[in-house]
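A.B. asks: This is the structure I want to talk about, given as structure tokens.
The values are calculated or read from the model by the stated rules, or taken from the named source; none is laboratory data. None of the values given here were measured: they were computed from a predicted structure. As a convention, Cβ positions derive from the backbone with ideal geometry for all residues, glycine included, and neighbour counts pool all protein chains shown.
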Amino acid sequence: MKIYTKSGDTGETGLFGGGRVPKDDERVDAYGEVDELNATLGLARGFSPPADLDGLLQRLQEQLFTVGAVLATPTGTKASSYIPVLQAAWVEAMEAAIDAFEAELPKMTHFILPGGSQASGALHLARTVCRRAERRVIPLVREGKVATDVVTFLNRLSDLLFVMARVANHRAGVADVKWIPEKPTK
């Protein structure tokens, strides 16, 4: 099977279940952002985070494939019956992970600057991509094209990625850098 089909050479792409839309369609934009998010999780994994974070990132990548499939498939189509559904348990598992990770971290007293270890920097990047993906999905939810559970998943995921970035630094012995705003000069 060839990787190129030439069917997108005119600026359109096919949705799962049929139908063609422009490549800048809001649905394509949303699942493209989720694809980019998945790639940033792969980047973070390439920086050898602790084993438990790596395993969690792999599960999240698999779940993001489901999110992308949901976004690429218009509701009500025959194809939508073949797409896995997002599980409420995934959000619950993210919340449990956030709680467990926060228990090992020092209390946050300031905003922190993204960065530190390579794994932490990549996780902060993933968090910002996740927020962008969430912003792209919200109009689809508002228009009734996508269920709200996609936004819930992405919102919780961005929280988890923030905490995972802090854990990656903490376990690497790298302190988070506090943001201390400069005092205005007169």
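A.B. asks: Mind checking which residues of segment 167-177 are buried (at least 20 other Cβ atoms within 10 Å of the Cβ) and either out of contact with any Pro (no Cβ under 9 Å at 6 or more places or on another chain) or among the aliphatic types (A, V, I, L, M) (or both)?
C.D. replies: Those that are buried (at least 20 other Cβ atoms within 10 Å of the Cβ) and either out of contact with any Pro (no Cβ under 9 Å at 6 or more places or on another chain) or among the aliphatic types (A, V, I, L, M) (or both): V167, A168, N169.
A.B. asks: In addition: Among the candidates A133, A168, which residue alone is more than 15 Å from V67 (Cα to Cα) and of a type in the set (A, V, I, L, M, F, W, C)?
C.D. replies: Result: A168 is the single residue among A133, A168 that is more than 15 Å from V67 (Cα to Cα) and of a type in the set (A, V, I, L, M, F, W, C).
A.B. asks: Can you tell me which residues in segment 121-133 are crowded, with 23+ Cβ neighbours inside 10 Å and within 14 Å of A30 (Cα to Cα)?
C.D. replies: C130, A133
A.B. asks: Return the total of residues in segment 139-186 being part of a loop (DSSP other than H, G, I, E, B) and closer than 16 Å to L113 by Cβ.
C.D. replies: So the answer is 7.
A.B. asks: Shifting gears a bit: For A44, state whether it is aliphatic (A, V, I, L, M) and modelled with pLDDT of 90 or more.
C.D. replies: Yes, satisfied.
A.B. asks: While we're here: Scan segment 42-55 residue by residue and report those that are under 15 Å from V167 (Cβ atoms) and in contact (Cβ under 8 Å) with a residue 12 or more places away in the chain.
C.D. replies: Answer for segment 42-55, where residues must be under 15 Å from V167 (Cβ atoms) and in contact (Cβ under 8 Å) with a residue 12 or more places away in the chain: A44, R45, F47, S48, P49, P50, L53.
A.B. asks: Test A93 against the stated conditions and say whether it is closer than 18 Å to S158 by Cα, out of contact with any helix residue (DSSP H, G or I) (no Cβ under 7 Å at 6 or more places or on another chain) and of a type in the set (A, V, I, L, M).
C.D. replies: yes
A.B. asks: Still on this structure, please answer the following. Pairs under 6 Å by beta carbon, first residue touching a residue at least 12 places away in the same chain (Cβ under 8 Å) in segment 74-87, partner small (G, A, S) and part of a loop (DSSP other than H, G, I, E, B), six or more apart or different chains?
C.D. replies: T77/G17; A79/G17
A.B. asks: Could you check segment 65-101 and list, in sequence order, the residues that are assigned to a loop (DSSP other than H, G, I, E, B) and either in contact with a Phe, Trp or Tyr (Cβ under 7 Å, 6 or more places away or on another chain) or basic (K, R) (or both)?
C.D. replies: Selection gives T73, L86.
One line per residue, one yes/no per condition, for (1) crowded, with 18+ Cβ neighbours inside 10 Å; (2) over 20 Å from L56 (Cβ atoms); (3) aromatic (F, W, Y):
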{"residue": "A93", "(1), (2), (3)": "no, no, no"}
{"residue": "F101", "(1), (2), (3)": "yes, no, yes"}
{"residue": "A119", "(1), (2), (3)": "yes, no, no"}
{"residue": "R135", "(1), (2), (3)": "no, yes, no"}
{"residue": "L161", "(1), (2), (3)": "yes, no, no"}
{"residue": "W179", "(1), (2), (3)": "no, yes, yes"}
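A.B. asks: So, one more: Go through E33, E62 for me and flag whichever is exposed (fewer than 13 other Cβ atoms within 10 Å of the Cβ), at pLDDT 75 or above and in a helix (DSSP H, G or I).
C.D. replies: E62
A.B. asks: Evaluate the following for R156: is it modelled with pLDDT of 95 or more and buried (at least 17 other Cβ atoms within 10 Å of the Cβ)?
C.D. replies: Judged against the criteria, R156 is a match.
A.B. asks: Given the conditions (1) under 18 Å from the mean Cα position of the chain (by Cα); (2) more than 21 Å from D35 (Cα to Cα), and given that A147 satisfies all but one, which numbered condition is not satisfied?
C.D. replies: (2)
A.B. asks: Something else now. So which pairs qualify, if the first residue must be in segment 125-136 and modelled with pLDDT of 95 or more, the second must be buried (at least 21 other Cβ atoms within 10 Å of the Cβ) and among the acidic types (D, E), the Cβ gap must be under 8 Å, and the two must be at least 6 apart or on different chains?
C.D. replies: Pairs that qualify, where the first residue is modelled with pLDDT of 95 or more and the partner is buried (at least 21 other Cβ atoms within 10 Å of the Cβ) and among the acidic types (D, E), are V129/E33; R132/E33; A133/E33; R136/E33.
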